[in-house]
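Written out below as structure tokens is the structure these notes cover.
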Amino acid sequence: MLSPRTRRLLLALLFTALSAPALAQTPNFVFFPVGPTSGNAVQFFPNAPGSTTRCDWNFGDPVNNPPVQDPTCSQQAATYPNTGIYTVTLTVQPSGTSMTKDVGVLTTGNTQNALTPAFTPSTATPIVGQPVMFSDDTTPAASVGHWIWDFGDGSSDSYRHDPTHVFQSVGAFTVTLTAENNATGEPGPTATMILNVGLPPTATPTATLTASPTETPTITATPTETPTGQPTPTGTTTPTPTSPAGTPTVTATPGGPTATATAIAPSPTATTTPVIGAVTATRTRTPTRTPTPGPQSLAGFVPVVGSTPGNFGSFFRTAVQLLNPGGSPTSGRLVYHPQGFSGSPNDPSVSWSLAPGQILAYDDVLTAVDRHGLGSLDVYVAQGAPIPVVLARIYDDAGDAGTSGFGEPFYRASEIPPTGSGYLIGPSDIARFRYNIGLRTLSAPVTLTATVRNTAGGVVHTVSRSYPKDFFLQSSVTGFLGFSLANNQSIQITYQGGGLIVYGATVDNITNDPSAQFLSFGSAAPGIADATPRGSGTVRAPLVLAAILAALGLGVGAVVAKR
């Protein structure tokens with residue numbers, strides 16, 4: 001069993017580990033703000049493999065921001081005095097692998113909010129293996145702070161201004177450009193284009209059939225495939241004999257799929273009938289349509305989730321349990337939004353379904369969505385179905401030694417107001433404690449004002465920030481405020497435009513004992529104590545109580561997802 005001090009140490013690593021480099025094969029990084037302006041600091045957050053011994057940064061501006069070699073792979077900052085597009089590269093050692101992104105530095109006071117993304121490929125009819133250059137035509141060009149290119153073929157996204165991509169297979173691929181300008185307005189408009197990638201002109205599809213010279217089979221195969229919207233094709237192959245003892249070569253006739261078959265080893269569903277003096281091969285496709293899920297509603301949020309290595313051989317994960325409290329089945333998705341990007345319902349997700357009273361558990365929810373790192377989680381539920389009770393726990397996985405961790409709140413979408421104000425209390429001794437700020441925006445962009453007050457309540461610093469919708473970020477308090485906090489100072493957070501979840505995390509530098517405070521919802525007016533008991537102003541407690549009672553069969557109806 002772990003000693004109390006060891007347990008405190010492991011728990012203390014949690015919020016530090018959530019900001020640590022994520023387990024990955026290649027490095028990555030995010031930067032904030034997305035659309036930086038000249039003269040203001042840009043924060044860079046590395047995401048490197050666990051075997052990394054050093055992070056080498058090239059900020060694309062050697063005169064004003066010299067390269068950095070950082071053995072701790074920690075957060076970096078760069079200030080660009082001039083506007084333009086800067087190519088930033090993170091290279092990790094000892095592997096030497098790297099990630100490159102273009103950062104667009106905008107003019108201070110830029111108010112050109114409306115971006116119209118567009119792009120032009122170097123060819124409209126690419127072939128497999130051919131480099132295709134994509135030219136960004138977004139307007140106004142001077143307002144783009146970040147580019148995200150999805151080539152639709154399952155490859156990694158590109159973050160270059162004008163990337164080059166090579167398609168490795170034949171097909172119709174939807175290329176998507178997302179142009180972002182976080183500094184001056186709502187980011188995330190997209191432009192799409194479908195490219196039909198073909199084979200090189202020298203490639204001639206053929207089918208080869210090996211058969212006995214004295215006996216010729218007829219082969220019929222019925223594979224099951226996901227439909228592509230095309231009619232069911234059939235094809236017939238006819239041999240060209242070379243000699244009585246030779247192996248005939250068969251060329252597919254137009255209208256049929258390319259195929260290779262061996263008479264002595266047919267496919268598992270093939271039937272073979274010997275026919276003397278003739279060779280035919282027929283392949284029939286029988287499509288099986290994948291059902292499309294019905295409409296779903298956003299039910300709530302798990303503010304922060306992680307699957308990331310920590311110090312001393314630790315590995316922090318996020319466990320999620322779902323309970324169906326209703327009398328009818330329910331289903332939905334868990335959608336993961338990585339740190340530093342505006343999220344989408346189409347982000348990586350895992351589907352779930354629950355019978356009445358059933359519990360579903362994910363020991364590591366990010367593994368379930370095939371991701372590592374740090375971000376936030378949305379819970380979607382089928383419309384009209386019961387909303388599950390959600391229990392989230394962040395823990396250190398020590399293998400045979402067990403786990404240690406703590407739970408975090410689940411927030412329903414309906415209980416977070418679009419505007420609000422509240423206070424975070426900073427450390428009592430800033431030299432002894434380190435302090436981080438985390439936030440998650442919801443379905444609309446948010447503008448917030450952070451006001452720092454001293455112990456007497458006097459204002460000592462104010463800063464305003466704008467964040468896109470469905471955005472998660474965790475940063476040091478200095479990086480968040482652009483200001484060094486002093487002892488016993490408070491941070492008043494006032495926001496508008498959309499819902500917001502904010503938390504502050506304090507860690508003791510001597511004992512590594514952690515604590516976290518989530519910003520409570522409410523108006524700017526302070527509460528007044530009186531003799532009459534009152535609710536908290538949110539509906540979480542009654543909803544959770546109703547869900548638990550319903551699960552216990554005590555006659556209280558379950559909450560259901562609405563449109």
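Descriptive notes on the structure:
- Of all residues in the range 59-71, those being in contact (Cβ under 8 Å) with a residue 12 or more places away in the chain and either more than 16 Å from Thr89 (Cα to Cα) or more than 25 Å from the chain's Cα centre (by Cα) (or both) number 8.
- Per this entry, Arg393 is not counted among residues that are basic (Lys, Arg), surrounded by fewer than 21 Cβ atoms within 10 Å (Cβ to Cβ) and in the same structural domain as Leu473 (by TED's automatic domain parsing).
- Test: residue in the range 402-410 that is β-branched (Val, Ile, Thr), farther than 19 Å from Gly340 by Cβ, assigned to a strand (DSSP E or B) and not assigned by TED's automatic domain parsing to the domain that holds Gly145: yes
- Failed item in (1) over 22 Å from the mean Cα position of the chain (by Cα); (2) crowded, with 16+ Cβ neighbours inside 10 Å, with Ala401 passing the rest: (2)
- Single unsatisfied condition, Pro325 versus (1) in contact with a His (Cβ under 8 Å, 6 or more places away or on another chain); (2) not in a strand (DSSP E or B): (1)
- Those residues of the range 433-454 which are part of a loop (DSSP other than H, G, I, E, B) and farther than 14 Å from Ser484 by Cα, in sequence order: Leu442, Ser443, Ala444, Pro445
- Which numbered condition Val463 misses (of (1) surrounded by 17 or more Cβ atoms within 10 Å (Cβ to Cβ); (2) modelled with pLDDT of 90 or more; (3) in contact with a helix residue (DSSP H, G or I) (Cβ under 9 Å, 6 or more places away or on another chain)): (1)
- Residue count for the range 137-169 under the criterion of being under 24 Å from the mean Cα position of the chain (by Cα), farther than 17 Å from Val34 by Cα and acidic (Asp, Glu): the result is 3.
- Residue-level check: of (1) touching a helix residue (DSSP H, G or I) at 6+ places or on another chain (Cβ under 7 Å); (2) outside the structural domain of Tyr503 (by TED's automatic domain parsing), Tyr435 misses just (2).
- Qualifying residue in the range 76-86 (condition: hydrophobic (A, V, I, L, M, F, W, C), outside the structural domain of Ser158 (by TED's automatic domain parsing) and without any contact (Cβ under 8 Å) to a residue 40 or more places away in the chain): yes
- Listed by position, the strands (runs of 3 or more DSSP E) enclosed by the range 455-515 that each have at least 3 residues that are over 19 Å from Asn40 (Cα atoms) and touching a strand residue (DSSP E or B) at 6+ places or on another chain (Cβ under 6 Å) are 490-496, 500-508.
- Looking across Ile416, Ile387, Ile430, one residue alone is in contact (Cβ under 8 Å) with a residue 40 or more places away in the chain, out of contact with any Gly (no Cβ under 9 Å at 6 or more places or on another chain) and farther than 24 Å from Pro46 by Cβ. It is Ile430.
- Inside the range 335-390, residues that are buried (at least 23 other Cβ atoms within 10 Å of the Cβ) and among the charged types (D, E, K, R) make up a count of 1.
- Check on Asp347, at pLDDT below 95, farther than 27 Å from Gly35 by Cβ and of a type in the set (D, E, K, R): no
- Among the residues of the range 291-334, the one identified as modelled with pLDDT of 85 or more, surrounded by fewer than 18 Cβ atoms within 10 Å (Cβ to Cβ) and closer than 30 Å to Ala401 by Cβ is Gln321.
- Residue within the range 335-351 that is of a type in the set (Asp, Glu) and touching a His at 6+ places or on another chain (Cβ under 7 Å) present: yes
The values are calculated or read from the model by the stated rules, or taken from the named source; none is laboratory data. Since the model is a prediction, treat every value here as computed from it, not as a measurement. A quick note on method: Cβ atoms are made from the backbone with ideal geometry, for glycine too, and the neighbour counts reach across all protein chains shown.
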